[in-house]
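Structure, as structure tokens:
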Amino acid sequence: MENNLDKRNFLNWYCWYATQEEIEKAKQNNSGTINRLMNEYSYEIEKIKTVKRFHSSLKLPKGILPEVIPLGYNSNFAI
């Protein structure tokens, strides 16, 4: 459970919140750890980058996200 939380924290920081400057600073201070995490989660990092590129290429007004229907969603049942 804790390992999953660490994974999510790193991916959120690296892919969504950290600036390039912050990433470079982290690599200088903790190069072994950052490189290990980047290698360990490289598949997830690439998936997130692909989603970000796709989302930024959409021609929607700023602040509007497309509706995504979850897999297995059945509209016959109200929540």
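For segment 5-50, name all the residues that are assigned to a helix (DSSP H, G or I), over 14 Å from the mean Cα position of the chain (by Cα) and of a type in the set (S, T, N, Q).
Residues satisfying the conditions are Q20, Q28, N29, S31, T33, N35, N39.
Given (1) surrounded by 10 or more Cβ atoms within 10 Å (Cβ to Cβ); (2) out of contact with any helix residue (DSSP H, G or I) (no Cβ under 8 Å at 6 or more places or on another chain); (3) charged (D, E, K, R); (4) modelled with pLDDT under 90, where does R53 come up short, assuming only one miss?
All conditions are met except number (1).
The values are calculated or read from the model by the stated rules, or taken from the named source; none is laboratory data. It should be emphasised that the depicted structure is a prediction, and the values quoted were computed from it without experimental measurement. Positions of Cβ are generated from backbone atoms using ideal geometry, with glycine treated the same way; all protein chains shown enter the neighbour counts.
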